[in-house]
Each structure stands twice: as structure tokens, then as C-alpha cells.
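Derivation of every value follows stated rules applied to the coordinates shown; laboratory data play no part. On a predicted model such as this, the values are computed, not experimentally measured, just so you know. With ideal geometry, Cβ positions are generated from the backbone for all residues, glycine too; neighbour counts draw on all protein chains shown.
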Amino acid sequence: MLPSDEPSHTGVSLTQMLNRREQRVAEQQALLARFGRPLVQLTLVTPGPVKDTAQARFVFDQGLVALQQALQQAGCAMLAQQDGHWVTGPEMLMVIDAESLSLKGMMLQIEEHHVLGRLWDVDVLDLMGSSVSRQQLGWPARRCLLCDEPAHACSRSGQHALVDLQRAIEDKVNAFRSRPE
């Protein structure tokens, strides 16, 4: 599976998702071995089978800007970055010269306080390749886009209609685009 210059607008199979996840883990391991520093991974919260759209790319690009600004303000050096737009959705891996717990705290602030933050899934991997959890820093589990329940519970149970989730995402994107500069 290769990254694409143009949005695919096609549905993704479970096999494609699993294959890309396997490739991403290999890329993570290679970066960890090469640099010996934590990784930040940016992907999107994209319910439904279509993961690579113009809107998804816009949301992703805004996430890159927000992460880069936060890292620059904190004085954290970025040692490497690789990103791509796949049929499974846009994604980025970034090696940061920082301590993994403080890095996760910074990423949580972005996820929780940026207008589009709920649409980003920003993971921090420590030097062993383990994901630093929200709970390690005393943060609650991510909340659903539509209700106050934990997002994973709503997702697994199919609590909400896909169209309602997509509408909530569209509303967040529109609110961001219409904000005063």
C-alpha cells in the first residue's frame, strides 16, 4: 500500500487497515531504534469506511500546524518527521527530543483545547514503543463526540448512527473554518 497525492474517497477494508497498522508499527520501531527518542503519532478520528477525503486532509494539516506550534513554543526539537496520505487516512510520525510523559501532557492539551482537537488522535510512544496513556497522567478516557460517555464504549456498542458522528465532525470543521482570524 502506497501513500497517495490525491484523496481516494473510497472505502477501506479491514485487511487494508490491519496491513497499514502493521506497516506503521514497523516504521515506529525503525524510528525508535534510529533515534532513541519518543514518537508522536497523529492520526484522525474518522468514523466510517472512507478515511481519505479532502476534509480529512484539511483536518490533518491543521493538526500538523497545531503540533508543530506547540512543540516550538515548548522548545522541543523535532528530530525526524514522516507523514503520508493513505487510503486508510492521513498519518504522521514525529521523533521529538523530549520526555515522553511531558510530551503526552502537551498533546492532551492540544486534543482537549483546540477546536479540532477531538478529531485528532495524538499518541505518544515511549522509548520502548509503548503508548503513553491518558490515565498515566490522571486524565479520563476520551469522550464521545456526541455524548459524555467514553468514546471507546460508544464506538464498540455502535451507540450512535454514522451519519450523526459525521455531522458532528462536519460541524466542528465548519466552526473552525468560520472562526475569526
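Electrostatic bookkeeping for Gly105 treats Lys and Arg as +1 and Asp and Glu as -1; over the other residues with beta carbon under 13 Å from its beta carbon, the sum is -1.
Under the convention that each Lys and Arg Cβ holds +1 and each Asp and Glu Cβ holds -1, the size of the dipole of region 30-181 around its Cα centre is about 80 debye.
Comparing Leu31, Leu14, Leu93 in a Gaussian network model of the chain, where Cα atoms under 10 Å apart are tied by springs, the biggest mean-square fluctuation is seen for Leu14. Normalising by residue count, the chain has a Cα convex hull of 126 Å³ per residue.
Around Val122, with a cut-off of 14 angstrom between Cβ atoms, what is the net charge of the other residues, counting Lys and Arg +1 and Asp and Glu -1?
Values: positive: Lys104, Arg118, Arg134, Arg142; negative: Asp83, Glu91, Glu111, Glu112, Asp121, Asp123.
Once positives and negatives cancel, what remains is -2.
Please give the FRET efficiency for Leu79 paired with Phe176, using the beta carbon to beta carbon distance and R0 = 30 Å, rounded to the nearest 0.05. It comes out at approximately 0.55.
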